[in-house]
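> The structure's right below; bear with me while I get my questions together.
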Amino acid sequence: MNAVFPGSFDPITSGHMDVLTRAAKIFDHVTVTVMHNARKTGRHLFTLEERLEILREATAHFGNVSVDSFGGLLVDYMRQQQKGIIIRGLRAVSDYEYELQIAHLNRQIGEVETVFIMAATRWSFVSSSMVREIASYGADISEMVPRASANALRRIHADVYAEREAEKLETQLRVDGGVGERG
Ligand code: PNS
């Protein structure tokens with residue numbers, strides 16, 4: 001059976017990757033679909049093309065995963081593509097209420113079933129928005145997102161990350177110098 005893993009993926013996180021890895025083991029094929037709305041382009045950090053590029057790189061190692069995009073209702077996409085099941089990830093109970101509402105809605109308007117996959121607890125606090133926020137301050141996001149996302153975030157905030165690196169180097173030199181003096 002085929003499945004669709006829809007989302008904004010701005011950018012894809014390690015939590016998404018965890019859900020996708022589990023889904024790819026269960027379903028014959030999984031399409032990761034960036035759902036976009038031309039009227040809401042300003043809301044995202046990455047353009048649709050950038051998000052697709054990141055996704056292609058992050059999912060290249062799967063044999064049964066492809067990447068796609070759609071600018072409309074998810075149920076229309078499911079019908080057009082004749083894809084079977086919607087996959088959504090659940091990180092914590094707090095996700096449940098919102099996801100339940102969407103799942104019921106999609107079943108009501110499109111007769112599409114949703115399957116929830118629980119992300120590992122270590123990703124319970126990771127979201128694209130949190131990662132975008134901390135990356136804008138140059139924090140280490142390497143564990144929270146796949147390498148393709150981390151590289152893209154570091155490119156966007158290159159000046160902040162360069163500043164952080166310079167500070168780190170300066171501290172290291174001060175520590176090394178201090179050790180040298182004592183030794
Ligand atoms: O990653 P997100 O932002 O949680 O994903 C939400 C998404 C994109 C799956 C949802 O907003 C969606 O399906 N949008 C397409 C429009 C649609 O079908 N809306 C009805 C369900 S909310």
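The values are calculated or read from the model by the stated rules, or taken from the named source; none is laboratory data. It should be emphasised that the depicted structure is a prediction, and the values quoted were computed from it without experimental measurement. When we count neighbours, we look across all protein chains shown, and the Cβ atoms used for this are built from the backbone with ideal geometry, even at glycine. Heavy atoms of the whole protein, side chains included, go into the accessibility calculation; ligands, DNA and RNA do not. Shrake-Rupley method; radii C 1.70, N 1.55, O 1.52, S 1.80 Å.
> Is there a residue being of a type in the set (Lys, Arg), in contact (Cβ under 8 Å) with a residue 12 or more places away in the chain and out of contact with any Ser or Thr (no Cβ under 7 Å at 6 or more places or on another chain) anywhere in segment 70-82?
Of all residues in segment 70-82, those of a type in the set (Lys, Arg) come to 79.
Within this subset, residues satisfying the condition of being in contact (Cβ under 8 Å) with a residue 12 or more places away in the chain are 79.
Remaining after also requiring out of contact with any Ser or Thr (no Cβ under 7 Å at 6 or more places or on another chain): 79.
Yes, segment 70-82 contains at least one residue that is of a type in the set (Lys, Arg), in contact (Cβ under 8 Å) with a residue 12 or more places away in the chain and out of contact with any Ser or Thr (no Cβ under 7 Å at 6 or more places or on another chain).
> Name the pairs whose Cβ atoms lie under 7 Å apart, with the first residue in segment 127-143 and assigned to a helix (DSSP H, G or I), the second open to solvent by 20 Å² or more (accessible area, probe 1.4 Å) and within 16 Å of the ligand (Cβ to nearest atom), and 6 or more positions between them or separate chains?
Pairs found: Ser128/Ser8; Val131/Met144; Arg132/Leu45.
> While we're looking at this one, here's another question. Could you please tell me which pairs satisfy a Cβ distance under 8 Å, a separation of 6+ or placement on different chains, a first residue in segment 101-115 that is within 8 Å of the ligand (Cβ to nearest atom), and a second residue that is among the basic types (Lys, Arg) and not in a helix (DSSP H, G or I)?
Listed by first residue and then by second, the contacts come to Ile102/Arg88.
> Another question about this same structure. Can you name every residue in segment 6-36 that is of a type outside the set (Val, Ile, Thr), away from the ligand (no atom under 15 Å from the Cβ), open to solvent by 40 Å² or more (accessible area, probe 1.4 Å) and assigned to a helix (DSSP H, G or I)?
Pass one, segment 6-36, residues of a type outside the set (Val, Ile, Thr): 6-11, 14-18, 20, 22-25, 27-29, 35-36.
If we keep only those that are away from the ligand (no atom under 15 Å from the Cβ) too, we end up with 22, 24-25, 27-29.
Now restrict to residues that are open to solvent by 40 Å² or more (accessible area, probe 1.4 Å): 22, 25, 28-29.
Once the filter is applied, which keeps residues that are of a type outside the set (Val, Ile, Thr), away from the ligand (no atom under 15 Å from the Cβ), open to solvent by 40 Å² or more (accessible area, probe 1.4 Å) and assigned to a helix (DSSP H, G or I), segment 6-36 yields Arg22, Lys25.
> Output the number of the condition that Val67 fails; it satisfies all remaining conditions of (1) at pLDDT below 95; (2) in contact with a strand residue (DSSP E or B) (Cβ under 6 Å, 6 or more places away or on another chain).
(1)
> Quick check on this structure: which one of Gln101, Gln108, Gln82 is at pLDDT 95 or above, over 29 Å from Arg122 (Cα atoms), surrounded by fewer than 20 Cβ atoms within 10 Å (Cβ to Cβ) and not charged (D, E, K, R)?
On the way: Gln101 fails: over 29 Å from Arg122 (Cα atoms); Gln82 fails: at pLDDT 95 or above.
So the residue among Gln101, Gln108, Gln82 that is at pLDDT 95 or above, over 29 Å from Arg122 (Cα atoms), surrounded by fewer than 20 Cβ atoms within 10 Å (Cβ to Cβ) and not charged (D, E, K, R) is Gln108.
> A further question follows. From Arg51, Arg56, Arg91, Arg22, which residue is at pLDDT below 95 and among the charged types (D, E, K, R)? Before you say what the answer is, go through the steps one by one.
Working: Arg51 fails: at pLDDT below 95; Arg56 fails: at pLDDT below 95; Arg22 fails: at pLDDT below 95.
Residue meeting the stated conditions: Arg91.
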